[in-house]
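What follows is calculated from the coordinates using simple rules that are stated; it is not laboratory data. Here the structure is a predicted model, which is why all the values come from computation and not from measurement. Cβ atoms come from the backbone with ideal geometry, glycine included; neighbour counts cover every protein chain shown.
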Amino acid sequence: MSKRLLLLPVEGFVSEIAVNELGISMVAFTKDLLVSNVQQSDQGLYQCILSNAVGERSTFIGLVVEAEIDSVITNLDVTVDHENAQFNLKWHLPQTMDYLEADHAMFLLNYYLSDGDYQLSGGSANNVPLRNAHCTSDNWCIAKCCSSNYIFFPRRNYTFQMSFFKTDAIGKITPLSEHVTALSWDGVSEKAMELTLSRTSDETMEISWEQPSINVTNGVIQKYVVEYYKDSESIREVKRRDVLPNSTFCILTGIKAEVIYRFRVIPVTRRGLPSDIYLKSSSNFTFIGHLVESVNKNFFLDIGSLPIHIEQKGTSIIISWEEARKTSNFTSQDPENQAVLIRYAPSDISPLREKAEEGLLINGAMNLTEKFDMSRTYQFCSRLYDGLLYGPDFCRTYRLPPAVFADVFSGLSSGNGLPRPVLCHHRKECRCEPSYEFGDAMRVTWDWPIDDHSADEFIVHYTLSDSIFPEDDRLVIT
């Protein structure tokens, strides 16, 4: 029995197998063809036909699919190494194979997302040659998966199967093993926490936060890291405290009055903390500045903090809150005595320079018409007043997105001679997609400038969308 496989050259790839009735796929990282989605019903000798614009060339590749039941890998076990973002694999060799023969075999790991999302699984790049496999005399083998050439998403269920390819006088490939499902490793936290700040006593500050959802933490919380430093110091000395995962507050001592401090609380998953460069460049991890006040007899902890929502409309900012908030802890039931104070400031200016606006609680919102700079991160703090009494401060950060995006070739930005920036998802101007065959690289495509056929190279400038550093500009020459 023979089957025909059609290989079609694809620009940017080595080759790719067209879908046929077998549903066979391959690894597109080398010049070698690896047929791995093999079932026991696929036994036979395969003929391979290669074609390009010139013509076709046919060859018998001498690949035999073994269909014997005792040639299948068994007892596949997959565990997760969260810290190193890897899968630990263990399996038992087929009955027909000795561990010494493993040196002449290539083990193939087949994986796909268990929810059946083929596009997210990376298309044809779902077969991994395990080059680090080690087998022992009891015919058990172990290996780790995978290098950065293969994309896996955090906290997703993947299904795994294995086969192996023997490179003797004639190539032989075994059918896939029984499938095994495993949940991939934790990711890192998406952002730092929104904070409630209370001056409880002299030189003491209490910081609290809400338990974040798993969509924010990207995994199981192992601890929280509380970081803070004095904003007035020429050399930043960041102090750190670890907080247990079942706690959502921290009491800091040695906090001086009338001094500006900056605070940040980051959830830590089994994957660990986000990388230093990500913490520095992402606005989601911006420190929150706070001018520590002296202990005041008008501070009343039971009033509680007032969480706020932020929305940008044009050049103004809408701050809203829940106006139907419980007022049982208020000393006054007169709505005119229940006020909200909003303080805000750019997060990247030192020392902290806050502005303030005041409104009534019953209004439920406040419109800030200050001239805000687009693409900049601000911090906003709310405080609830009951007459002269007031509660803790609730603080969060918010990054203002750019106002508009012009066509990538329609004009130059002010002064630097570069095209106006666009985001990758603006498909009409610039199209970006993950380059699954090269790990976490990105493939960027664009339309040739109209009426300009003289360009022989392009320079692609790129930066992190969340970066607050204007000098963080990188380029690629194509």
(request) Could you tell me which of the pairs Lys191/Lys256; Lys144/Lys280; Lys239/Lys280 are separated by over 23 angstrom between their Cα atoms in the structure shown? (result) Lys191/Lys256; Lys144/Lys280
(request) Mind ranking 105-111, 242-248, 337-343 by how tightly packed they are, going by the mean number of other C-beta atoms within 10 angstrom, highest first? (result) 105-111, 337-343, 242-248
(request) Take each of the peptides 387-398, 312-323, average the number of other beta-carbon atoms within 10 Å over its residues, and list them starting from the highest. (result) 387-398, 312-323
(request) Rank by packing, highest mean first: peptides 294-304, 218-228, 197-207, 356-366, with packing defined as the count of other Cβ atoms within 10 Å averaged across residues. (result) 218-228, 197-207, 356-366, 294-304
(message) Rg over Rh of segment 195-399, using C-alpha atoms and the Kirkwood radius, what does it come to?
(response) 0.95
(request) Starting from the Cα gyration tensor of segment 231-273, take the square roots of the eigenvalues, sort them a ≥ b ≥ c, and report rounded, prolate or oblate (rounded when a/c is under 1.5, otherwise prolate if a/b is larger than b/c, else oblate). (result) oblate
(message) Roughly how far apart, in whole Å, are the Cα centres of segment 178-215 and segment 355-370?
(response) 29 Å
(message) So if each residue of separation counts as 0.36 nm, and I subtract the Cα-Cα distance between Val259 and Asn296, what length gain in nm does that give?
(response) 11.8 nm
